[in-house]
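J.: Quick one: the structure is below, questions incoming.
The values are calculated or read from the model by the stated rules, or taken from the named source; none is laboratory data. Only a predicted model underlies this, so the values are computations on that prediction, with no experimental measurement involved. Here Cβ is always computed from backbone atoms with ideal geometry, including for glycine, and neighbour counts include all displayed protein chains.
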Amino acid sequence: MSPGPGLRLAILDDYQDFTHSWARFAEIPNVDATAFTDHVADEDALVARLGNCDVVMRIRERTPFPATLLRRLPKLKLLLATGMRNAGSIDLPAADELEITVCATEAHHQSTVEIVWGLVLDAYRGISREQASVRAGGWQVGLGTALAGQTLGIMGLGNMGTPVAAIGKILGMKVIAWSPNLTPERASAHGAQRVDKQTLFAASDVITLHMPLMDSTRGIVGEGELAAMRSGALLVNTSRAGLVDGGALIAAVSQRRIRLAVDVFETEPLPADHPFRSLPNVLATPHIGFVTEENLRQMFDESLENLKAYIAGSPMRTINAVHPFLANAQATRPGEGSDSNAR
């Protein structure tokens, strides 16, 4: 691609308007970069917004790029994806067909692990509840529950699940784990006991999901698994909403059978009338697992590198057609892989 007159670049879903502070696309001559701080879900509206763009940068998976959208963007030649797991929300075969290059970036994985434990600690110790009381002029209003002696169940003992397990052990929890390819030996090496899927849900006080979303894992937590959970047990999802049957999950939490701590949703931003915004047994955060200064700076810096390399005729960190970056960066097997929040 030549950077010639008026190379148009759109940055999507920059909710906190970081582009003006951190992006350095002006280093490239004749690049006209426009950042959008709102989210557009309607495909017709996206086509209207992006129809004249040569390059689009998206922040994580906030806007998916299915084949139907890609085929309606004839000028698009480069998609600057961020983070390493993008195949579930970008139709890479369609990008190949349309000769759209897709480049990705690295990310800091531990940021999601921090959110997992922030959610668990808040759910068990009522930190946000007690803080709200202090702000309102009150004092202690509830009782916390200790994590020591509780059972932590981890679905997916990969890049995310293993540090989650390590912290659980430090806090005095019993750790059990399951995924389709997990062996007892691998589980034991990370201080966990390998159990079957049904036992994971029946025996755990806290269950946290750390699997990639693909055809084989979509809805892997269904009505049966949720029904098997202990009364009052906590389900934590910082991976992908599609791992859990959405209707069954809403029913389980609405009936107050289980508690939920969640950072990912089928529709983002979460609709204003969604029950997860108001149910007292739901602790919901707005997909902040990957949202750290370190991650966003890296995504902007490496996207700039990717754009410069593409203009120079030597694309880097490509993840479609031939996937050298993806293959090197993701050595885990399906079922044992990390969540993509840092995602």
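J.: Just give me the residues in region 4-39 being in a loop (DSSP other than H, G, I, E, B) and of a type in the set (A, V, I, L, M, F, W, C), in sequence order.
T.: Listed by number, the residues that qualify are Phe18, Ala23, Ile28, Phe36.
J.: State which residue is nearest to the chain's Cα centre (by Cα) when the search covers only region 139-174 and only residues that are among the polar types (S, T, N, Q) and within 14 Å of Leu235 (Cα to Cα).
T.: Per the stated criteria, the residue is Thr151.
J.: Let me ask another. Considering Arg58, Arg49, Arg62, Arg85, which residue is of a type in the set (Lys, Arg) and over 22 Å from the mean Cα position of the chain (by Cα)?
T.: Arg49
J.: With respect to Val47, determine if the residue is surrounded by fewer than 20 Cβ atoms within 10 Å (Cβ to Cβ), hydrophobic (A, V, I, L, M, F, W, C) and in the same structural domain as Asn306 (by TED's automatic domain parsing).
T.: Yes, satisfied.
J.: Among Val291, Val322, Val282, Val264, which is the only one that is more than 21 Å from Val113 (Cα to Cα) and either modelled with pLDDT of 95 or more or of a type outside the set (Ser, Thr, Tyr) (or both)?
T.: Matching residue, one of Val291, Val322, Val282, Val264: Val322.
J.: Against the definition (outside any helix (DSSP H, G or I), over 28 Å from His190 (Cβ atoms) and of a type in the set (S, T, N, Q)), how does Gln131 come out, yes or no?
T.: It is false that Gln131 is outside any helix (DSSP H, G or I), over 28 Å from His190 (Cβ atoms) and of a type in the set (S, T, N, Q).
J.: If you don't mind, there's one more thing I want to ask. When you go through (1) more than 25 Å from His108 (Cβ to Cβ); (2) of a type in the set (A, V, I, L, M); (3) buried (at least 22 other Cβ atoms within 10 Å of the Cβ) one by one for Ala272, which number turns out not to apply?
T.: It fails just one condition, (3).
J.: Hey, another quick one. Say we look at region 148-164 and pick out the residues that are touching a strand residue (DSSP E or B) at 6+ places or on another chain (Cβ under 7 Å) and surrounded by fewer than 24 Cβ atoms within 10 Å (Cβ to Cβ); which of these is nearest to Val195 (Cα to Cα)?
T.: Thr151
J.: Can you name the residue in region 113-139 that is in contact with a strand residue (DSSP E or B) (Cβ under 8 Å, 6 or more places away or on another chain) and among the β-branched types (Val, Ile, Thr) and is also surrounded by the fewest Cβ atoms within 10 Å (Cβ to Cβ) among such residues?
T.: Residue satisfying both the conditions and the ranking: Val120.
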